[in-house]
Amino acid sequence: MNEQTLSQRLERVATHVPAGARLADIGSDHGYLPVALMRRGAIASAVAGEAALTPFRSAERTVRENDLGQQISVRLANGLAAIEPSDEITAISICGMGGETIRDILDSGKARLSGDERLILQPNGGEQPLRQWLMDNDYRILHEELLRENRFDYEIIVAERTGPVKYTSEELYFGPLQMQTRSPAFLSKWQRILREKHKTLARFEHARQAVPEEKVQEIVDQARMITELLV
Ligand code: SAM
């Protein structure tokens with residue numbers, strides 16, 4: 001993967017960035033996503049935000065080597081602190097992190113969101129708490145995608161602030177749109193997870209130390225919810 005050939009995962013993320021966007025890519029690492037989009041003429045400008053020095057330098061290098069310093073600002077900053085009102089950001093991508101981390105970035109940076117930005121989020125696990133945050137903050141999920149690359153399941157969640165929205169606990173757990181579409185990738189992901197839950201419960205039974213009842217109950221409830229989804 002590089003700034004010309006994105007991974008399949010980032011390529012799918014790229015399709016959800018509106019044409020001509022002013023993009024903030026938070027946790028940009030190497031900066032491949034904003035640089036690839038800028039090279040293709042797909043966006044107007046970008047901010048690449050990074051909290052860690054080594055990836056920040058890597059993003060700076062990618063931008064410099066592509067001679068895009070005028071169009072892409074690389075900033076060393078925690079989460080949405082990378083964004084200034086004068087950037088007039090219209091889309092924010094936060095990819096390749098746990099859903100809880102993405103939620104925390106959105107929550108602690110709330111004051112920097114105008115509410116007009118499209119959020120393009122690609123959590124690695126922790127989708128439920130992320131969807132909960134979106135619902136609690138009046139964001140509607142407009143697209144959801146699930147893809148499998150290198151034996152990992154990746155989700156992409158695209159959301160915009162539209163006003164109050166209500167999702168059921170099942171929709172928060174599985175994804176409201178994925179539940180409707182029931183794609184083969186979605187069903188095989190949850191079949192796999194159900195097998196894991198059963199293995200976990202079997203391990204609990206044979207554990208030398210008793211597992212707390214509420215932990216067991218949590219897994220039992222999840223296994224039941226998944227079984228109901230799959231029937
Ligand atoms: N977004 C890229 C992708 O999807 O390929 C890179 C993902 S990389 C696994 C996660 C990056 O997020 C790391 O470079 C890390 O330093 C950065 N990161 C984690 N927490 C952050 C935060 N609060 N603010 C900015 N960057 C953060």
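The values are calculated or read from the model by the stated rules, or taken from the named source; none is laboratory data. Quick caveat: nothing in here was measured; it's all calculated off a predicted structure. Heads up, the Cβs are rebuilt from the backbone with ideal geometry, glycines too, and the neighbour counts pull from every protein chain shown.
Descriptive notes on the structure:
- Residue under evaluation T62, criteria (1) free of Cβ contacts under 8 Å to residues at least 40 places away in the same chain; (2) touching a Phe, Trp or Tyr at 6+ places or on another chain (Cβ under 9 Å), criterion not met: (1)
- Considering residues of segment 118-142 that are out of contact with any helix residue (DSSP H, G or I) (no Cβ under 7 Å at 6 or more places or on another chain) and within 16 Å of the ligand (Cβ to nearest atom) only, the residue farthest from L172 (Cα to Cα): L119
- Qualifying positions in segment 43-78 - surrounded by 17 or more Cβ atoms within 10 Å (Cβ to Cβ), over 23 Å from T101 (Cα atoms) and not polar (S, T, N, Q): I43, E60, V63, L68, I72
- Test: V165 is surrounded by 22 or more Cβ atoms within 10 Å (Cβ to Cβ) and touching a strand residue (DSSP E or B) at 6+ places or on another chain (Cβ under 9 Å): no
- Of the helices (runs of 4 or more DSSP H) lying entirely inside segment 26-125, the ones with 3 or more residues being touching a Gly at 6+ places or on another chain (Cβ under 7 Å) are found at 53-65, 99-108.
- Test for I89: is it hydrophobic (A, V, I, L, M, F, W, C), more than 16 Å from P176 (Cα to Cα) and in contact with a helix residue (DSSP H, G or I) (Cβ under 7 Å, 6 or more places away or on another chain): no
- Residue satisfying condition, being crowded, with 22+ Cβ neighbours inside 10 Å and either assigned to a loop (DSSP other than H, G, I, E, B) or among the polar types (S, T, N, Q) (or both), within set Q132, Q178: Q178
- Considering residues of segment 52-105 that are of a type in the set (S, T, Y) and within 11 Å of the ligand (Cβ to nearest atom) only, the residue nearest to A14 (Cα to Cα): S93
- The conditions of being over 21 Å from M135 (Cα atoms), in the same structural domain as I157 (by TED's automatic domain parsing) and either of a type in the set (D, E, K, R) or away from the ligand (no atom under 14 Å from the Cβ) (or both) are met by P18.
- Among residues of segment 40-51, those that are within 14 Å of A24 (Cβ to Cβ), more than 13 Å from the ligand (Cβ to nearest atom) and not hydroxyl-bearing (S, T, Y), counted: 2
- Exactly one residue among T90, T101, T54 is over 20 Å from the mean Cα position of the chain (by Cα) and at pLDDT 95 or above, and that residue is T54.
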